[in-house]
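The values are calculated or read from the model by the stated rules, or taken from the named source; none is laboratory data. This is a predicted model, so every value here is computed, not measured. Cβ: placed from backbone, ideal geometry, glycine included. Neighbour counts: every protein chain shown. Accessible surface is based on the protein model in full, side chains and every heavy atom, while ligands, DNA and RNA are left aside. Shrake-Rupley method; radii C 1.70, N 1.55, O 1.52, S 1.80 Å.
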There are 2 protein chains.
Amino acid sequence: MNTQNLRKDVHTDGTPVVCLSCEARHRGVCGALTSEQLTTLSKTSYKHKLGEGHELVGEAEKVESYSNILSGVVKLTKTLADGRQQIVGLQFAPDFLGRPFKADSEITAQAATNVSLCSFPKSVIDRMIRESPGLEHKLLEQTLKELDEARDWMVTLGRKTAAEKVASYILMIARHIDPEAGPDGASATFDLPMTRADIADFLGLTIETVSRQITKLRTDGVIVLENNRHVFVPSVERLELRAGS
Amino acid sequence: MNTQNLRKDVHTDGTPVVCLSCEARHRGVCGALTSEQLTTLSKTSYKHKLGEGHELVGEAEKVESYSNILSGVVKLTKTLADGRQQIVGLQFAPDFLGRPFKADSEITAQAATNVSLCSFPKSVIDRMIRESPGLEHKLLEQTLKELDEARDWMVTLGRKTAAEKVASYILMIARHIDPEAGPDGASATFDLPMTRADIADFLGLTIETVSRQITKLRTDGVIVLENNRHVFVPSVERLELRAGS
DNA sequence: ACCCGACGTTGACGTGGATCAAAGTGCGTG
DNA sequence: CACGCACTTTGATCCACGTCAACGTCGGGT
């Protein structure tokens, strides 16, 4: 992580701002900590913001910190030698970011939108994991959730058509960002957190194909667009049909 | 899990055979247990064998046991409503099999080859996980490893050509089954543990395309085949070039 | 207001892999 | 051995998606 890119939020006396808000998030790791550990953490953690496109974890670079995502979306990408790219994961608040027990990763993490993070040094968290079984349990749960999501996407990548892929993507975003739009027949409104290029990299398609499929969903009345980003889904159920179950 | 399909190995007096061999495997969960816990486990665990194609965990069925894989290969598949299938994971001995903290799964586990397992009831392991942090740590490590593998395959599924996919698959099998064939320039010999249909489901291709690409690798001298299953790779390095890094 | 560059859309065309069809190949069984 | 069956290979054709190219749209800076 290139800390020079980061703007640290500190109090006027220079002490870092502790990310107490994490405590309230059921999937953030802080919730599993004792108040004593939280105090320890507060001395080393800091909150910061990143603009869209900023890189969090360079490829093959040493990961020197872990973070909770407070807001925004982070994309995890892998790149082949010749430049072909695939997004292998999306992390939303309040996900935990960082790979325990492994100093480096072949994965690049980038801010897909503006992102605010609460970061801690790797060493502190690694020690707390060893001391606190609850924390490890939380990590296991998030990792299992990420594994489930990855496997769902493997089906999408391997076996769905371009039309189904794009519908699946919009559906997934709808469920993440507008989760209370309700099931079956209800509508949903939200902003796509990614560019067409990112969506293409996520779905294993080209920009043009993504654009054409979005156009098709629009002309078929499955979605209504304003700015290329803002989406209104009149009937989530109808979108689900397009996603190929 | 349909226990009626399973042949339990029991001693002549009827007590089940405990899978003590797990203890020696670094990735099997038993290694993380105390001898006391192992004794407890021995009262409920049993070893059994499954023929190729047997289903271990039915889709949306309750998972009632966990298992260590003692030998063979297990495939995890997901199926869309219209029958399209995607293999989302392969587990080799001594991997752990079973999804903690979740009673059901949308994943089907099937024996890809003949498989022998050491199974325990879900309740026993779930309790031991709560008591023993070391066990949870082992689970976290395996889950992280599976996540890494899943993400590697997402790149393959989304961004590689059919030729690269097949080469990547053969390379992965070579590394799993003949790991001591050595790096760079060395040769490898092994049996493909799956049918062409399985390989196609794993790579998001059709049987015909898999067959054609294997033929191409053969005529190009990258691999040498005897029985459709037995593969000799004269130069692993040359195969790596075909896998598209 | 103007330009500019990034992003998105649309069209024409080519191709990689799917589909449909048929012919091997190996193996267990009567 | 002949048969049947499952698996694999090979060939011919088709089409979904990639590629290449042009144009449209939006937002920010001067």
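Observations
- Search result, residues across the stretch B:84-105 that are open to solvent by less than 10 Å² (accessible area, probe 1.4 Å) and either at pLDDT below 80 or in contact with a His (Cβ under 9 Å, 6 or more places away or on another chain) (or both): B:Pro100
- Scanning the stretch B:64-91 for residues that are facing chain A (nearest Cβ under 8 Å) and free of Cβ contacts under 8 Å to residues at least 40 places away in the same chain turns up B:Leu76, B:Lys78, B:Leu80, B:Ala81, B:Asp82, B:Arg84.
- Qualifying residue in the stretch B:110-123 (condition: within 16 Å of DNA strand C (Cβ to nearest atom) and not assigned by TED's automatic domain parsing to the domain that holds B:Asn228): yes
- Taking the conditions (1) more than 9 Å from DNA strand C (Cβ to nearest atom); (2) open to solvent by 40 Å² or more (accessible area, probe 1.4 Å) in turn, A:Ala197 satisfies each one other than (1).
- Residues in the stretch A:225-241 that are open to solvent by 70 Å² or more (accessible area, probe 1.4 Å) and farther than 18 Å from A:Lys160 by Cβ: A:Glu226, A:Asn227, A:Asn228, A:Arg229, A:Phe232, A:Glu237.
- Single condition B:Thr161 does not satisfy, out of (1) at pLDDT 95 or above; (2) crowded, with 21+ Cβ neighbours inside 10 Å: (2)
- Taking residues in the stretch A:218-245 that are in a helix (DSSP H, G or I), and partners anywhere that are among the charged types (D, E, K, R), the pairs with Cβ atoms closer than 7 Å and at least 6 places apart or on different chains are A:Glu237/A:Asp184; A:Arg242/A:Glu164.
- Within the stretch A:187-218, the set of residues being away from DNA strand D (no atom under 14 Å from the Cβ) and more than 25 Å from A:Arg159 (Cα to Cα) comprises A:Ser187, A:Ala188, A:Thr189, A:Phe190.
Conditions tested, residue by residue: (1) at pLDDT below 95; (2) open to solvent by 40 Å² or more (accessible area, probe 1.4 Å); (3) away from DNA strand C (no atom under 16 Å from the Cβ); (4) touching a helix residue (DSSP H, G or I) at 6+ places or on another chain (Cβ under 7 Å).
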site	(1), (2), (3), (4)
B:Trp153	no, no, no, yes
B:Thr156	no, no, no, yes
B:Lys165	no, no, no, yes
B:Ser168	no, no, no, yes
B:Arg175	yes, yes, yes, no
B:Ala181	yes, no, yes, yes
B:Asp184	yes, yes, yes, yes
B:Ser187	yes, yes, yes, yes
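Yes/no per residue for (1) under 15 Å from B:Ser65 (Cβ atoms); (2) assigned by TED's automatic domain parsing to the domain that holds B:Ser235:
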residue	(1), (2)
B:Gly83	no, no
B:Ala93	no, no
B:Gly98	yes, no
B:Arg130	no, no
B:His137	no, no
B:Glu146	no, no
B:His176	no, yes
